[in-house]
Structures are given as C-alpha cells and as structure tokens.
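Written out below as structure tokens is the structure these notes cover.
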Amino acid sequence: MTQPGSSGEQQAQQRFGTTTRAGAFYANQMLNYLNRPMQQFIARQEMVFIATADAKGACDSSFRAGTRGFVTVLDEKTLVYPEYRGNGVLASVGNILENPHIGMIFLDYYLTTMGLHVNGKAQVLTPGELEGIQHLPASILEAMQIKGGRHPEAWIRVNVEEAYVHCSKHVPLMKRLDKHIAWGSDDEFVKGGDFFNVRAEPRT
C-alpha cells in the first residue's frame, strides 16, 4: 500500500508533531480494502454519513439511512448503496458527477460505539447499469424489482481506497426507540415541514 494521506495531512502532522503517531496509525489501523470484520460491521448498519464536493471543492455532507445492510458490500473493494427520491436537489449525486471523491463514516450508536471511515471514488449508476454487474446479492435484486412506492432511482458504487477505524471514545451510546418510518412519504408533517421557519425568511 502506498503511503496514505495528502500532502496537507503530512504538513499538519509535521506542524503539530504527530508524524510518528500518524505513521503508526497508518501502519496498524488503515487498509486500502475492506477486511472481513469491516464488511460485517457495514452489513449491520442502518445509517451512514457521506461527504462529497463539486469540481470547485465546495463541500456537502449528507445522511443516508435504510434497513440494516442497505449499504451493500459487493467485494473487498466495492460498496453500493441506493439513492431514493428526496427533495429533488440531488446535491450529493450532482457532486459525484463532477468529482468522484467520497467520504463515508458509519457510526454504531447502539452496540459498540465504534465507527468506520471509508474513502474512495464513487460512480452514479442507473438501475439498468447496476443490473449489468454479475453476482449481485439477492437484497439488491429484490430492491430493483420494486415498482412504485419507495424504490431506488439510482445507485452509487464506491471503489474503496481507504478504510480505517473511528475510535469509540466520544461516540455516545444511545438507546433505540420505536419510530414509524414512512418511507417515500410526501406528507409535510411526516417529513418535518418547515421546521426551521425558512419560508418566511428574507432571501439575500
């Protein structure tokens, strides 16, 4: 594996005197693929936070959720996850079309309080393009058969370049409570409505 980290990382490590500590982390905690425990961890998760940027570097962070294992590991170097109909802005998808770099972090708030970073390059696929991939898991094939309701409008394929732990020290342990999730609903009350009172605010 080539030396990980950007030149900016290396400058920061030199500036703050963490080069040796960072080198130990790279050597002992980082892979350029998903090993078996990482794959098993992802298969248990129901949410992930993603970060993308457009061609000019303007950043966007977002949240994705689904049933357990909705982010699917195809192999040690490849993840896929569905994109459903949202607010129509498609900020993350638009960024990926301009700039394939993506950062993902899976955080387990309910059991281990551990996290997993996955960085790589993403590609937007239509359902038809995804169907062309051999040996797709049954869960993906079933999702592609759904017509109407909550069905994927696109898929994001991620080629894994870095995978490493996020320590549990500051990740809170939370208790899961029952919540009815109206997948695909257009009901404004269910979606949260104008929670931040934006409609009445002036535009500058």
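May I ask you to work out the translational diffusion coefficient for the stretch 43-89 at 37 °C, viscosity 0.692 mPa s, via Stokes-Einstein with Rh from the Kirkwood sum over Cα pairs, reported in whole µm²/s? Please list the in-between numbers first.
Working: Rh = 12.3 Å.
It comes out at roughly 267 µm²/s.
I need the phi-derived Karplus couplings for the stretch 6-17: 6.51 cos²θ - 1.76 cosθ + 1.60, θ = phi - 60°, integer Hz, Gly and Pro marked x.
For the stretch 6-17, the Karplus curve yields 7, 5, x, 4, 5, 5, 5, 5, 5, 5, 9, x Hz.
For every other residue with a beta carbon closer than 11 angstrom to the beta carbon of residue 194, add +1 if it is Lys or Arg and -1 if Asp or Glu, then tell me the sum. Working shown, then result.
Values: positive: 191, 199; negative: 188, 201.
Cβ neighbours under 11 Å give a net charge of 0.
Pop out the ³J(HN,Hα) list for the stretch 104-116 in order, Karplus 6.51 cos²θ - 1.76 cosθ + 1.60 with θ = phi - 60°, rounded to Hz; leave Gly and Pro as x.
Taking θ as phi minus 60°, the curve returns 10, 9, 9, 10, 9, 7, 9, 10, 9, 6, 8, x, 9 Hz for the stretch 104-116.
By how many nm would the segment from residue 67 to residue 7 grow when fully extended, if each residue of separation counts as 0.36 nm and the alpha-carbon distance is taken off? Can you show the working numbers first?
On the way: separation 60, 0.36 × 60 = 21.60 nm, distance 3.80 nm.
Going from the current span to full extension adds 17.8 nm.
Taking each pair of different alpha-carbon atoms in the stretch 38-140 once, compute 1/r for the pair, average those values, and report the inverse of that mean as the Kirkwood hydrodynamic radius in Å to one decimal. Walk me through the intermediate numbers first.
On the way: mean 1/r = 0.0690 Å⁻¹.
In the stretch 38-140 this quantity evaluates to 14.5 Å.
In percent, what relative contact order does the stretch 97-198 have, based on Cα pairs under 8 Å that are 6 or more apart in sequence?
Values: 120 pairs, mean separation 34.3, N = 102.
RCO, the stretch 97-198: 34 percent.
Over the chain, what is the relative contact order in whole percent, taking alpha-carbon pairs under 8 Å and six or more residues apart?
Details: 304 pairs, mean separation 44.3, N = 204.
Normalised by residue count, the contact order of the chain is 22 percent.
222 nm [θ] for the chain, helices only, -39500 (n - 2.57) per DSSP H run of 4+, per residue, to 500? Before the final figure, lay out the partial values.
Numbers: 7 runs with 54 residues, N = 204.
Counting only the DSSP helices, I get -7000 deg cm²/dmol.
For the stretch 28-174, give the magnitude of the charge dipole about the Cα centre (Cβ charges: +1 Lys/Arg, -1 Asp/Glu; no others), in debye to the nearest 20. Show your work: numbers first, answer last.
Details: 12 positive and 14 negative charges, 61 e Å.
About 300 debye.
For the chain, what is the number of Lys pairs with C-alpha distance below 24 angstrom, counting only pairs 8 or more positions apart or on separate chains? If you can, show how the numbers build up before the last one.
On the way: 56/121; 77/121; 147/191; 175/191; 179/191.
The result is 5.
For Cα extents along the principal axes in Å, the listed values are (1) 53, 50, 39; (2) 63, 34, 32; (3) 45, 39, 33; which was obtained by calculation from the structure presented?
After the calculation, the listed value that fits is (1).
Along the stretch 187-204, what does the Karplus equation 6.51 cos²θ - 1.76 cosθ + 1.60 (θ = phi - 60°) give for ³J(HN,Hα), rounded to whole Hz, x for Gly and Pro?
5, 4, 5, 5, 6, x, x, 8, 4, 9, 6, 7, 4, 7, 7, x, 9, 10
Only Cα pairs within less than 10 Å get springs; with that Gaussian network setup on the chain, which residue of 111, 31, 90 has the largest fluctuation?
111
Bear in mind these aren't lab numbers, they're just calculated from the coordinates by the rules spelled out. Small disclaimer: the values here were computed from a predicted structure and weren't measured. Reconstructed Cβ throughout: ideal geometry from the backbone, glycine too, with neighbour counts over all protein chains shown.
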